[in-house]
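So the structure is just underneath, and the comments pick up after that.
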Amino acid sequence: MNKLAIAIIALPLACLGGGYATGMVLAPPASESHAAADSITDTGHRAAEDTQDVEEEVSIGHVLAEDRTIIRLGQMTIPVEKANSVSYVVADFALKLENLEFAERYKRVEDATRLRDSLLTAMNLAAEGAVLRGVAIDSDALSALIRDLLSKDYEGVEDVLFVSLFKQDIARL
């Protein structure tokens, strides 16, 4: 019994540590990631001429790139289970912080990881409520709910922004 308990606890921790170390070794230097981000933005400009949705997303990206108090936290997919279907909500998050000091603090890997974990927890709580269960997502209500939940543990969170937000319903069989 004790060996099983040790294996259940030690194996995930070892994998977590190994994954973190591998990520630190394989991550490109900051100068390369900025160059890659610039080339992606340039590609985004050419594609933006095709559809209005892409134009809006690129303009949001420019605002995010210009305002240094906004940090991007990445994309998450959250399942919302309903009686006859499962909705998958895909959101690309950014946070507007009160000042540059908070932005620099939350950009650090350790704090950003904790913030993403809390964000995932907040989205799972939102999935249990009415905000994500309707036909359409009220992004303002969702943003306010997540901001309120994050503000309890993280000071300086001014607003939760969605770079992109969409939902896909899949019928249950």
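The values are calculated or read from the model by the stated rules, or taken from the named source; none is laboratory data. A quick note: this is a predicted structure, and the numbers were derived from the prediction, not measured. Cβ sites come from the backbone with ideal geometry, for glycine too, and all protein chains shown count toward neighbours. What goes into the accessible areas is simple: the full protein's heavy atoms, side chains included, and nothing from ligands, DNA or RNA. Shrake-Rupley method; radii C 1.70, N 1.55, O 1.52, S 1.80 Å.
If GLU104 satisfies all but one of (1) without any contact (Cβ under 8 Å) to a residue 24 or more places away in the chain; (2) closer than 30 Å to LEU173 by Cβ, what's the number of the condition it fails?
The failed condition is (2).
Does the range 125-147 hold any residues that are loosely packed, with under 13 Cβ neighbours inside 10 Å and closer than 21 Å to ARG72 by Cβ, and which are they?
ASP140
Out of all the residues in the range 148-169, which are among the hydrophobic types (A, V, I, L, M, F, W, C) and open to solvent by 80 Å² or more (accessible area, probe 1.4 Å)?
Start the filter on the range 148-169 by keeping residues that are among the hydrophobic types (A, V, I, L, M, F, W, C), which leaves 149-150, 157, 160-163, 165-166.
PHE166, the sole residue that qualifies.
Run down GLU55, GLU49 and say which single residue is part of a helix (DSSP H, G or I) and either modelled with pLDDT under 95 or among the aliphatic types (A, V, I, L, M) (or both).
GLU55
Scan the range 64-74 and give yes if some residue there is modelled with pLDDT under 95, under 15 Å from the mean Cα position of the chain (by Cα), exposed (fewer than 13 other Cβ atoms within 10 Å of the Cβ) and not aromatic (Phe, Trp, Tyr), otherwise no. Spell out how you get there, then give the answer.
Looking only at the range 64-74, we keep the residues that are modelled with pLDDT under 95, and these are 64-74.
Next, only the ones that are under 15 Å from the mean Cα position of the chain (by Cα) stay: 64, 70-74.
Retained after the next criterion (residues that are exposed (fewer than 13 other Cβ atoms within 10 Å of the Cβ)): 74.
Keeping just the survivors that are not aromatic (Phe, Trp, Tyr) gives 74.
Yes, because at least one residue in the range 64-74 is modelled with pLDDT under 95, under 15 Å from the mean Cα position of the chain (by Cα), exposed (fewer than 13 other Cβ atoms within 10 Å of the Cβ) and not aromatic (Phe, Trp, Tyr).
Under 6 Å between Cβ atoms, at least 6 apart or on separate chains: pull out the pairs that start in the range 146-173 with a residue that is on the phi > 0 side of the Ramachandran plot and end on any residue that is open to solvent by 50 Å² or more (accessible area, probe 1.4 Å) and not in a strand (DSSP E or B).
Pairs found: GLY156/GLU98.
What about ALA112, is it open to solvent by less than 30 Å² (accessible area, probe 1.4 Å) and either part of a helix (DSSP H, G or I) or touching a helix residue (DSSP H, G or I) at 6+ places or on another chain (Cβ under 6 Å) (or both)?
It is true that ALA112 is open to solvent by less than 30 Å² (accessible area, probe 1.4 Å) and either part of a helix (DSSP H, G or I) or touching a helix residue (DSSP H, G or I) at 6+ places or on another chain (Cβ under 6 Å) (or both).
Quickly run through the range 78-100 and pick out the residues that are hydroxyl-bearing (Ser, Thr, Tyr) and open to solvent by less than 10 Å² (accessible area, probe 1.4 Å).
SER87
Restricting to the range 129-160, what's the tally of residues that are in contact with a helix residue (DSSP H, G or I) (Cβ under 7 Å, 6 or more places away or on another chain) and part of a strand (DSSP E or B)?
Summing the residues that are in contact with a helix residue (DSSP H, G or I) (Cβ under 7 Å, 6 or more places away or on another chain) and part of a strand (DSSP E or B) in the range 129-160 gives 3.
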